[in-house]
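The values are calculated or read from the model by the stated rules, or taken from the named source; none is laboratory data. Because the structure is a prediction, the values reported are computed rather than measured. Virtual Cβ from ideal backbone geometry, glycine too; neighbours counted across all protein chains shown. Each accessible area value is taken on the protein alone, full model and side chains, heavy atoms only, with ligands, DNA and RNA left out. Shrake-Rupley method; radii C 1.70, N 1.55, O 1.52, S 1.80 Å.
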Amino acid sequence: MTTTAGSRRNLFSLQPLDEQTQSPLFQRRRVAVGEETGHDAHLLQLEEEFSANMSLGNAVCQRCNDGFKMDEQIVNSNGLWHTYCFVCAQCFQPFPEGRFFEFEGRKYCEHDFCVLFAPSCGKCGEFISGRVIKAMNASWHPDCFLCFSCSKSLADEGFVKNQGRALCKDCNAMEKAKGLGKYFCFKCHSIIDGGHLKWKGEPYHPYHFNCHSCGIELKEDAREKDAELYCLRCHDKMGIPICGACRRPIEERVVHALGKTWHVEHFVCAKCEKPFLGTRHYEKKGLAYCEIHYHQLFGNICFVCNNIINGDVFSAFNKAWCVNHFACSICDKKMSQKTKFFEFDQKPVCKYCYDKFPGELKKRLKKAYDEAVKSGKV
Amino acid sequence: MAGKLKKIVDDTKEGNSTELDLVDKGIVNILEIPGFVNLKNLSKLVLAHNKITSVPPNIANFLNLEIIVLFNNAIEELPTTLSSMPKLKILNVGMNRLSTLPRGFGACPMLEVLDVTYNNLNENSLPANFFCLDTLRALYMGDNDFELLPPEIGRLKNLQILVLRDNDLIELPKDIGELIRLRELHIQGNRLTVLPPEMGNLDLVGTKQVFKAENNPWVTPIADQFQVGVSHVFDYIRSDTYKFLYGRHIAAKAAPPAKTNDKSKKISRIKK
């Protein structure tokens, strides 16, 4: 006999068993080992017996039930074995390095044991010995069971199943927030229900920050400048121009007009809302207009030539004339501010032409004029 | 007289002016103006207060003419060639003896202002294509004989000024409500009793607008609104109450009020 109890113990080096492991296989293995350790004392007793009388005359091999020759090497492991009988129950080969695994009374080499009984990992495909994570209809090495999104180990903290993927709680909440069109706070890892604040490219609850200048708790309208966050009021004070239309800071070209600053594309005609883009604009009552609409709205289009009037404007009867075209509407005689003229269908008529009107028309015009005066319209 | 005219024409030609003003010169025939045919570059021709009886068709040869004023003459007919003038923008033939406008007149490509005030025109005087004049921004038709305004008026989308003063209009077409750019409307001195509710689309109330509607035999509700002000008239014709009343009024087909304008003394009528 060459194997001692000590070396036998060494040989029998099963993986450490965890009482907590719920895997049925490991439960069975634990029971098997328990039995074995139970036998252990008995075996030791036997050994002592053997060593006492050195008589193996009636001892038989556990496998072949034959006796042993006197000078034969015997393996003593949960019974006695011929060395050639102490082999893997599956491949009949000696156990590499003496390591074997016992299951339901049979001994297996590590390889065959794994092939027959051990689960394989859902991620790396390798056999799992030791702790097995059963999840998502598969088995996993504890080190292989990771969050699909952030690769954090899920073995101990648990996981949430999300569209066939295992996610950690944070990533799951983030996915959910994404699905709802909401942001997920980069600091407290919860959904941002109200407005969010972006800082260094990540969304946060605004209340995690305070203004870099005045210290007030920030709201969603806070602004970032040089990687620091400021409340709107402090930000505005720092001299960054704010667009008079969109109320947002102007970082590119600034237009100064109407006593305000504007984004180039936000400085538009009050009528057609097209940006001036550097072309001339006209101001009236605090509003800016493009050339066409200013004249269209404020009547500075010449009644005769229908062109925009540059320069002096003659106004009468809700119409306007340019210097060249302010004339009697009948004889075309030029008129000045001082020229007296008559109204005829809301057009100017000089005295010469008016005098040439037939009497009956003049009478009617006079009557209409008098009535208008009486009713207070003139 | 002819000598004087020749001098003016020569001055115009020598001064390279494109404007010819011959106001109150007793001219009877345009073609008798000495040297006139040589002024090919003319852009403006003012012949107000003369005695011209007809306009020669070859006026259309003056391709640069933009403004023609023939106010207060004795013209009874205009040439059809007018509609071929490529630059004609303003035509004033007020105070003449026109009882018709020439065939095809609506083909004028550039006409912006047409003044036919004080003639003898009515709804039958207009050529079929008259309302193709969509470049028109002002149409002066006061002192004529219209009893009805053709509904095609709604096609003159650029019209800003429409004068129908002192005609014999008994109603306005609802299409007048389509003249969205209109800012001046004169309908005083007609036989109108109601306004189409569609006129509520128009913006004629305000300091920039003109709406003259006196001397019409308005139905009482409208007359009452005129008493308080023009803005009240427009508020009223936009109301459902008025739409209902208007519908009933039209359905009743009441006889139009009698003509009140005495036109016998109009110089456009008196034969000399």
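Summary table
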{"read-out": "Qualifying positions in region A:320-373 - charged (D, E, K, R), more than 11 Å from chain B (Cβ to nearest Cβ) and in a helix (DSSP H, G or I)", "value": "A:Lys351, A:Lys362, A:Lys366, A:Asp370"}
{"read-out": "Pick from region B:206-222, criterion over 21 Å from B:Pro150 (Cα atoms) and within 13 Å of another protein chain (Cβ to nearest Cβ), ranking: least open to solvent (accessible area, probe 1.4 Å)", "value": "B:Val210"}
{"read-out": "Of all residues in region B:166-177 being touching a helix residue (DSSP H, G or I) at 6+ places or on another chain (Cβ under 9 Å) and charged (D, E, K, R), the one that is farthest from the other protein chains (Cβ to nearest Cβ)", "value": "B:Lys174"}
{"read-out": "Hey, A:Tyr207 among the hydroxyl-bearing types (Ser, Thr, Tyr), open to solvent by less than 60 Å² (accessible area, probe 1.4 Å) and over 30 Å from A:His281 (Cα atoms) or not", "value": "no"}
{"read-out": "Lone unmet requirement of (1) in contact with an Asp or Glu (Cβ under 8 Å, 6 or more places away or on another chain); (2) crowded, with 18+ Cβ neighbours inside 10 Å for B:Thr53", "value": "(2)"}
{"read-out": "Region A:141-197, subset closer than 30 Å to A:Ala222 by Cβ and of a type in the set (Phe, Trp, Tyr), residue modelled with the highest pLDDT", "value": "A:Phe186"}
{"read-out": "Which numbered condition A:Phe26 misses (of (1) within 20 Å of A:Val132 (Cβ to Cβ); (2) of a type in the set (Phe, Trp, Tyr); (3) modelled with pLDDT of 75 or more)", "value": "(3)"}
{"read-out": "Criterion: within 11 Å of another protein chain (Cβ to nearest Cβ) and in contact (Cβ under 8 Å) with a residue 12 or more places away in the chain - qualifying residue of A:Leu297, A:Leu287", "value": "A:Leu297"}
{"read-out": "Lone qualifier among B:Phe131, B:Phe146 - being out of contact with any strand residue (DSSP E or B) (no Cβ under 7 Å at 6 or more places or on another chain), assigned to a helix (DSSP H, G or I) and at pLDDT 95 or above", "value": "B:Phe131"}
{"read-out": "Subset of region B:141-177 that is over 20 Å from B:Leu111 (Cα atoms) and touching a Gly at 6+ places or on another chain (Cβ under 6 Å) - its residue that is least open to solvent (accessible area, probe 1.4 Å)", "value": "B:Arg165"}
{"read-out": "Hey, A:Cys144 in a loop (DSSP other than H, G, I, E, B), touching a Gly at 6+ places or on another chain (Cβ under 8 Å) and farther than 30 Å from A:Lys260 by Cβ or not", "value": "yes"}
{"read-out": "Candidate set from region B:84-106 (those that are open to solvent by 60 Å² or more (accessible area, probe 1.4 Å) and polar (S, T, N, Q)); member that is nearest to the other protein chains (Cβ to nearest Cβ)", "value": "B:Ser99"}
{"read-out": "Evaluation of A:Asp193 against (1) open to solvent by 70 Å² or more (accessible area, probe 1.4 Å); (2) more than 30 Å from A:Gln163 (Cα to Cα); (3) without any contact (Cβ under 8 Å) to a residue 12 or more places away in the chain (one fails), failing number", "value": "(2)"}
{"read-out": "Test: residue in region B:75-83 that is within 12 Å of chain A (Cβ to nearest Cβ), open to solvent by 10 Å² or more (accessible area, probe 1.4 Å) and out of contact with any strand residue (DSSP E or B) (no Cβ under 9 Å at 6 or more places or on another chain)", "value": "no"}
{"read-out": "Enumeration of residues in region B:107-136 that are within 14 Å of chain A (Cβ to nearest Cβ), surrounded by fewer than 18 Cβ atoms within 10 Å (Cβ to Cβ) and in contact with a Lys or Arg (Cβ under 8 Å, 6 or more places away or on another chain)", "value": "B:Met110"}
{"read-out": "Number of the exception - B:Ile250 against (1) outside any loop (DSSP other than H, G, I, E, B); (2) open to solvent by less than 50 Å² (accessible area, probe 1.4 Å)", "value": "(2)"}
{"read-out": "Single residue of region A:106-116 satisfying the filter (out of contact with any Ser or Thr (no Cβ under 9 Å at 6 or more places or on another chain) and open to solvent by 60 Å² or more (accessible area, probe 1.4 Å)) that is farthest from A:Ala166 (Cα to Cα)", "value": "A:Arg106"}
{"read-out": "Criterion (surrounded by fewer than 18 Cβ atoms within 10 Å (Cβ to Cβ) and over 29 Å from B:Asn119 (Cα atoms)) met by exactly one of B:Asn201, B:Asn261", "value": "B:Asn201"}
{"read-out": "Those residues of region B:178-193 which are open to solvent by 10 Å² or more (accessible area, probe 1.4 Å) and either within 19 Å of A:Glu371 (Cβ to Cβ) or in contact with a helix residue (DSSP H, G or I) (Cβ under 9 Å, 6 or more places away or on another chain) (or both), in sequence order", "value": "B:Glu178, B:Ile180, B:Gln188, B:Arg191, B:Thr193"}
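Let's see how each residue does on (1) within 14 Å of chain A (Cβ to nearest Cβ); (2) buried (at least 21 other Cβ atoms within 10 Å of the Cβ):
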| position | (1), (2) |
| --- | --- |
| B:Ser17 | yes, no |
| B:Val23 | yes, yes |
| B:Lys44 | yes, no |
| B:Ala48 | yes, yes |
| B:Asn58 | no, no |
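Per-residue answers, yes or no, for (1) open to solvent by 70 Å² or more (accessible area, probe 1.4 Å); (2) modelled with pLDDT under 90:
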| position | (1), (2) |
| --- | --- |
| A:Lys334 | yes, no |
| A:Phe344 | no, no |
| A:Cys350 | no, no |
| A:Pro358 | no, no |
| A:Leu361 | no, no |
| A:Leu365 | no, no |
| A:Ala372 | no, yes |
| A:Ser375 | yes, yes |
